[in-house]
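First the structure, in the form of structure tokens, and then the observations on it.
Coordinate-derived values only; no laboratory data. Please read all numbers here as calculations on a predicted model, not as lab measurements. In this analysis, Cβ positions are derived from the backbone assuming ideal geometry, glycine residues included, and neighbour counts consider all displayed protein chains.
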Amino acid sequence: MVPTNTLFEQSYPFETVPELLRWAKKQKLIAKETNRSKLELKEGEYAVPYKNPKKKPKLNIKTGRIKKMPDKKHFITNIKPEDRILKNIPKYADNKPKVRFQDWLCLKKSPNLYEKLNNYAWGWSPNGKCYGWSHRAVHGFKIGDKVTSDTTGNWKQKEWVIKKEWEVERLAKEFAKDVS
């Protein structure tokens with residue numbers, strides 16, 4: 001058998017199929033990410049990925065092998081991200097949510113900028129609330145909310161009204177820390 005790198009009396013930078021694929025993409029002989037389809041949304045429609053995508057055998061472009069990869073499907077909604085709340089999350093007939101609440105509320109886990117040992121989850125949503133969550137519970141806080149003495153995460157241990165943005169963030173962090 002003739003090795004591939006001396007096939008045409010020329011040296012090639014690959015010896016295996018994955019290397020050949022990477023080289024072909026770099027030379028722009030193959031389009032990158034050819035197996036991804038883009039969603040076609042109408043005006044006023046938004047896509048939210050489903051919670052548990054089923055895995056189907058597909059060609060992995062990076063390695064050139066067949067691999068079980070998630071078949072990503074999206075829930076199409078007309079509800080703007082600013083109008084989404086936990087109560088209007090889409091559910092199946094058995095009352096289980098179709099999508100993750102983090103995707104529904106457009107939450108991103110905030111980076112650990114302030115505390116190095118901060119590993120609990122909190123983040124801002126486009127609806128103006130700061131959410132704190134764990135595997136047990138989720139709660140959103142915003143300026144103007146009334147905090148009672150029994151609210152999880154209340155460091156003042158008395159009834160008060162949230163007035164500043166840093167108080168909202170701290171409540172979300174404390175809530176996530178307490179329920180983790």
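Given the options Asn95, Val168, Pro126, identify the residue whose Cα lies farthest towards the positive end of the charge dipole of segment 61-180 (+1 on Cβ of Lys, Arg; -1 on Cβ of Asp, Glu). Positive-end residue among those listed: Asn95. Residue by residue, segment 80-91 carries 3J(HN,Hα) couplings of 5, x, 6, 9, 7, 9, 5, 6, 9, 5, x, 10 Hz when phi is fed to the Karplus relation 6.51 cos²θ - 1.76 cosθ + 1.60 (θ = phi - 60°); x denotes Gly or Pro. When the C-alpha to C-alpha distance is required to be over 25 Å, the pairs from Lys62/Lys108; Lys108/Lys164; Lys80/Lys129; Lys146/Lys177; Lys58/Lys87 that qualify are Lys62/Lys108; Lys58/Lys87.
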